[in-house]
């Protein structure tokens, strides 16, 4: 599978997985979020929940394939 193929209705596997693992059921407290805001949440989560090294590097690289706009749009639609 390439990164350009849809996965479970999402842009790709990385977008689906990050949304599922980090943001599914995440309470945005009735505020609009931006793609940069949620990307920061994901990066902080990886940074603070893992030790420096190759595993963290791979996790951070995985985030490069995430469509942050799509997740933000989805979260904002849930708030409305």
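Throughout, read-outs are computed from the coordinates displayed, never taken from laboratory work. The shown structure was predicted, so the numbers you read here are calculated from the model rather than taken from an experiment. When we count neighbours, we look across all protein chains shown, and the Cβ atoms used for this are built from the backbone with ideal geometry, even at glycine.
For the list (1) farther than 19 Å from residue 6 by Cβ; (2) part of a helix (DSSP H, G or I), I need the number of the one condition that residue 62 fails.
(1)
Any idea which residue in the range 24-44 is surrounded by the most Cβ atoms within 10 Å (Cβ to Cβ), counting only those that are touching a helix residue (DSSP H, G or I) at 6+ places or on another chain (Cβ under 6 Å) and not in a loop (DSSP other than H, G, I, E, B)?
38
Residue by residue, here is whether (1) under 14 Å from the mean Cα position of the chain (by Cα); (2) within 23 Å of residue 5 (Cβ to Cβ) holds:
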| site | (1), (2) |
| --- | --- |
| 26 | yes, no |
| 29 | no, no |
| 37 | yes, no |
| 42 | yes, yes |
| 52 | no, no |
| 56 | no, no |
| 74 | yes, yes |
